[in-house]
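Colleague: Here it is, the structure in full.
Only the coordinates and a few stated rules stand behind these numbers; no lab work does. Please read these numbers as outputs of a predicted model, since none were measured by experiment. Note that we place each Cβ from the backbone using ideal geometry, even for glycine, and neighbour counts take in every protein chain shown.
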Amino acid sequence: MRNHPHHPDDANSSPHTSLLGSEFAEFDETTQTATMRFTVKREMTTWRGGVQGGLVAGYLDDVMGYAYVAATDGEMAPLNLEISMSLIRLIPEGPLIGKGRVVKSGRKVIFLEGELYSEEGKLMARASSTALPTPRPSATDTGMV
């Protein structure tokens with residue numbers, strides 16, 4: 001994963017990063033949109049040949065969350081209250097592009113949206129999230145190191 005001015009320096013060490021094959025690509029401050037690349041591993045798929053539905057939420061949560069982290073210059077992170085998701089196509093093993101954006105950020109609640117696309121630009125899944133703004137935890141804060 002490449003470091004980026006809006007990407008927390010310690011994000012590479014987050015346990016979920018390796019599992020999801022996450023790579024932060026860019027953040028557009030004007031639209032408050034983060035772009036990420038994922039490498040979907042075979043272990044994330046079912047016998048149908050696509051990512052298990054609950055695990056799709058992990059990719060969407062990651063890209064929506066990083067949009068908010070980037071929008072707050074790495075100071076804050078969302079704590080989800082609710083995620084609503086639509087699974088549009090089976091997501092196969094391989095590359096995946098995520099777009100997440102901050103729709104509205106308030107002192108008490110955040111509204112986020114995200115989509116997952118194939119490399120060819122086909123929409124695979126979409127989600128919206130309602131979350132609480134919280135200080136971004138670190139591995140030291142949570143006792144994970």
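Colleague: Compute the whole-percent fraction of alpha carbon pairs in the stretch 55-145 spaced more than 23 Å apart. Write out the running numbers ahead of the final one.
Modeller: On the way: 1135 of 4095 pairs.
Across the stretch 55-145, Cα pairs with separations above 23 Å total 28 percent.
Colleague: Here's something else I'd like to know. Between residue 39 and residue 118, 0.36 nm times their residue separation minus their Cα-Cα distance comes to what? Display every interim value, and only then the final one.
Modeller: On the way: separation 79, 0.36 × 79 = 28.44 nm, distance 1.11 nm.
Taking residue 39 through residue 118 to full extension adds about 27.3 nm, to one decimal.
Colleague: May I pose another question? Just flag the trypsin sites (Lys or Arg not before Pro) in the stretch 66-145 sitting in loop per DSSP whose Cβ has no more than 15 other Cβ atoms within 10 Å. Please report the intermediate quantities before stating the final value.
Modeller: On the way: sites: 89, 99, 101, 104, 107, 108, 122, 126; in loops: 89, 107, 108, 122.
Of the trypsin sites (Lys or Arg not before Pro), the ones in loops of the stretch 66-145 whose Cβ has at most 15 other Cβ atoms within 10 Å are 89, 107, 108, 122.
Colleague: Next question, about the same structure. Tell me, what is the Rg over Rh of the stretch 78-130, with Rh the Kirkwood radius over Cα pairs?
Modeller: On the way: Rg = 12.5 Å, Rh = 12.0 Å.
Using Cα coordinates only, the ratio equals 1.05.
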